[in-house]
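What follows is one structure encoded as structure tokens, with my remarks underneath.
Rule-based calculations on the coordinates, nothing more; no lab input. Quick caveat, the model's predicted, so the values are computed rather than measured. FYI the Cβ positions are ideal-geometry reconstructions off the backbone, even for glycines, and counts take in every protein chain you see.
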Amino acid sequence: MRYPDLRTALPPVHICLIGQVKAFPTIDRARRPTQAAAPMLPNPALPPTWARSMLDAYLRPKIDPPLNAAGRGLARLGVGANAVTFAGLALGLAGAAAIALHFPLAGLVLILAGRLADGLDGAVARATRLTDAGGYLDIVCDFLFYGAVPLAFVIADPAANAFAGAALLASFYASGTTFLAFAAIAQKRGLSTSAQGVKSLYYLGGIAEGTETIAFFVAICLWPAHFAVLAWVFAAVCYFSAIVRAINGAVILRG
């Protein structure tokens, strides 16, 4: 029996060099089976080490196993991922309302419960079926929640918090723009990454990500009198993250 020449029978394996990262394309599990597989990159858009979030990367391997176990349990009970997403948004907005009414500690409890739900919706989806609609709803609810918390502090004390709150919201806008714009073009080019877990869209890394934002929310709920100072500091971090992400994204897309 004659065996085929493996050099010609097998498809070529392409190696993508971006900075010092080597990536081999694999199947993106977040895509539907009917779609063509996109090149899975561990994270071709990593900022320099000094401008990169360490908290998300550190916490992800620790929190994913219990979240996935809880997600499987909810899925067996018939709870849908979208229901968990909307529950998380409702808890987050309720937390923001509590802050606006001068109950920041109650707001913090509700915010943390909402963030737990935000982690569980993806776990339920992975235990059942990942969909583009679910991923879209998740990111929309996240942005609604993130904007509501600073607004709540402005409502609670406009004289002290309005200027810093406006700067903070503008920094969120800048960070979100660089994030979503790159995600849209990455989808067009067929890029994907699992560096932040299996997601419905491309997560371009930055110094201010989910864990840092929640830590900031915890701080302003514990010390609401210092909201203005903390908001200016975190707004600077978000602007810096947006600049790094914009430069990094442009470099990646030009390559």
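General observations
- Per-residue 3J(HN,Hα) values for the stretch 244-252, derived from phi via the Karplus relation 6.51 cos²θ - 1.76 cosθ + 1.60 with θ = phi - 60°, read 4, 5, 5, 5, 5, x, 5, 5, 4 Hz in sequence order (x marks Gly and Pro).
- Electrostatic dipole magnitude of the stretch 51-173 [Cβ: Lys, Arg +1; Asp, Glu -1; Cα centre; debye, to 20]: 400
- Kirkwood Rh in Å, taken over the stretch 55-142 so that all alpha-carbon pairs contribute: 13.4
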